[in-house]
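Notes to accompany the following structure.
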Amino acid sequence: MNKPKVIIIGAGPAGLTAALELLRDGRMQPIVLEASDTVGGISRTVVFKGNRMDIGGHRFFSKSDWVMNWWKEILPIVAKAPVVDIAYQGKCRSASADFCAEETELVNEGRIMRVRNRLSRIYFLRKYFDYPIKLNATTISNLGPVRLMRIGASYLWAMLFPRRPEKSLEDFLVNRFGGELYRTFFRDYTEKVWGVPCSQISAEWGAQRIKGLSILETLRHAWRVLRKKNAQATKTSLIEHFLYPRLGPGQLWEEVARRVLAGGGEIRFGQKVVGLRHENGHIRSVMTETTNGYSCEMDVDYVISTMPIKDLVAGMQPAAPADVASVATALPYRDFITVGLLLRRMRTNPQACSASANNMPADNWIYIQERDVRIGRLQVFNNWSPDLVANPDHVWLGLEYFCQEGDDLWCMSDSEMLDFAAGELEKIGMIVKTDVLDGTVIRVPKTYPAYFGAYGQFPKVREWLDGFENLFLVGRNGMHRYNNQDHSMLTAKLAVEAIVSGSKDKSAIWAVNIDDEYHEETQERAP
């Protein structure tokens, strides 16, 4: 007897998680349709002349025990102790290691996770600030007394006269940080990322991504640090760690794909979904086009979709109602360019915390808040994993740009983009262009679902799509939600559970990253 067929659109984290979970259950046959020729989506690892790039940066940390155990089962953890404490953005948890440090050589060529130090900072006024902002000597020195007084006064004003109701991201941030700090550290960078003023972005984005942060929390953190009796203990307690695959996030998803195929699932590459045929609230078939122009239509029992909702609704046959189609068509996205630059060295900076001969900073990520350049973030791939870099004497950087498909950045040739990116780093004093050895450019459309414009009417689209009893939306683009990797996996898990149990209720899927259990929220530690 043939098993019910589940078509999974997209071979990113959500799609591959769904496929593997369906195989583990054993009652369904998963078929993954992937438009590109590789797996992992934006969590893939790109290889350039032996150097590996993590698109956007993916730290492996989750509050969900299920996700942590799932990752660990795919890639075992190598650490110095049997149990390791990992922490990220104020959240702490433990993970058991599968191999100790002495056994590292035995698994050095295998599929493993390592425990990595986490350091992210802000680069502003040609100086380094802690990220998130902390009230410490470095911040006070960098900002100066006059700006600090303005920050304090504007925060008191915001406390006395908060903006109500909180409609926009600007309202959300000003209420928690005051106008001066908002203009100093949040406004320009956020508008660089999203391409629109903060006053046009929904407050929901702030509630989802930076809930729990405020000046008050910053002051509480500073007070707790001051109360520590042992300065070295304080320094140690503030070091954060995360898990990371030896060869980048794509290594994990390539292993998942291998297990899907070994378990009898299918992954069909070069299959772009262009339409879904439906009847009486049920998806009947999925239509695809291959890279060489061939068309195909296959009957389905269930569909799990991670494709952008804009494209999903546009491909519905019969067409979606006019009001639904108009909202879906106008849903906004932000596109993304990563420029990989290979360098001999970086410029010396006393604040860079560099311990290497090539002046490489100790950061994984640096948020570039300078107003005179368009670069948004800088990754130092060496610090994610030394195995991402072919030559350990070189510095391997990822310069991240947020843009719109078709704008001036997107339309630059690779050589123009490489020259432009190197020039920006030289302009802000991080490198000398003559130290650039090589580079590459990666363009990723629809990387970030946006929370402005037509998004305000998104519930209308969700309600219509949820009405199809055998269609389940999961993942970042599949739900038009700025999910982290673990959130996308959890949505896939819940979709599989609904399918195998015969449930048509989608509410639990939509609750992921809204319920406190999954929120990326700063947790207050005991003093």
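Throughout, read-outs are computed from the coordinates displayed, never taken from laboratory work. From a predicted model like this one, the values you see are computed outputs, not experimental measurements. Note that each Cβ is placed from the backbone with ideal geometry, even for glycine, and that neighbours are counted across all protein chains shown.
Taking amide H positions as modeled 1.01 Å from N, with prolines and chain starts lacking one, the residues under 5 Å from PHE60 and 5 or more places away or on another chain are LEU243.
Phi angles across the stretch 149-165 convert, under the Karplus curve 6.51 cos²θ - 1.76 cosθ + 1.60 with θ = phi - 60°, into 3J(HN,Hα) values of 5, 5, 4, x, 5, 5, 5, 4, 4, 5, 5, 6, 10, x, 6, 9, x Hz, Gly and Pro given as x. For the chain, the longest principal axis of the C-alpha atoms and the axis of helix 249-262 are separated by about 20°. Listed values for the stretch 76-81 are Karplus-derived 3J(HN,Hα) couplings in whole Hz (6.51 cos²θ - 1.76 cosθ + 1.60, θ = phi - 60°), namely x, 9, 10, 8, 7, 9, and x replaces Gly and Pro.
Using just its DSSP H runs of length 4 or more, each adding -39500 (n - 2.57), the chain gives a mean residue ellipticity at 222 nm of -10000 deg cm²/dmol after division by all residues.
By how many degrees, between 0 and 90 and to the nearest 10, does the Cα long axis of helix 169-181 differ from the longest principal axis of the chain? The two axes meet at around 10 degrees. Under 5 Å from the amide H of CYS92 lies no amide H of any residue 5 or more positions distant or on a separate chain, with H modelled from the backbone and absent for Pro and chain starts. In plain terms, the chain from ASN280 to THR434 could stretch by 49.1 nm, reckoned as 0.36 nm per residue minus the Cα-Cα distance.
Derived scalar couplings between HN and Hα for the stretch 443-450 equal 10, 10, x, 6, 6, 10, x, 9 Hz in order, rounded to whole Hz, by the Karplus curve 6.51 cos²θ - 1.76 cosθ + 1.60 (θ = phi - 60°), x for Gly and Pro.
Highest-first packing order for the peptide set 148-158, 176-186, 380-390, 43-53 is 176-186, 380-390, 43-53, 148-158, based on the mean count of other beta carbon atoms within 10 Å. Looking at the stretch 14-87, none of the GluC sites (Glu not before Pro) sits in a DSSP loop with at most 15 other Cβ atoms within 10 Å of its own Cβ. Taking amide H atoms as placed 1.01 Å from N in the peptide plane, the amide H of HIS278 lies under 5 Å from those of ARG284, GLN317, each 5 or more residues away in sequence or on another chain. Principal semi-axes of the equivalent ellipsoid, √(5λ) from the alpha carbon gyration tensor of the chain, are 37, 28, 24 Å from largest down.
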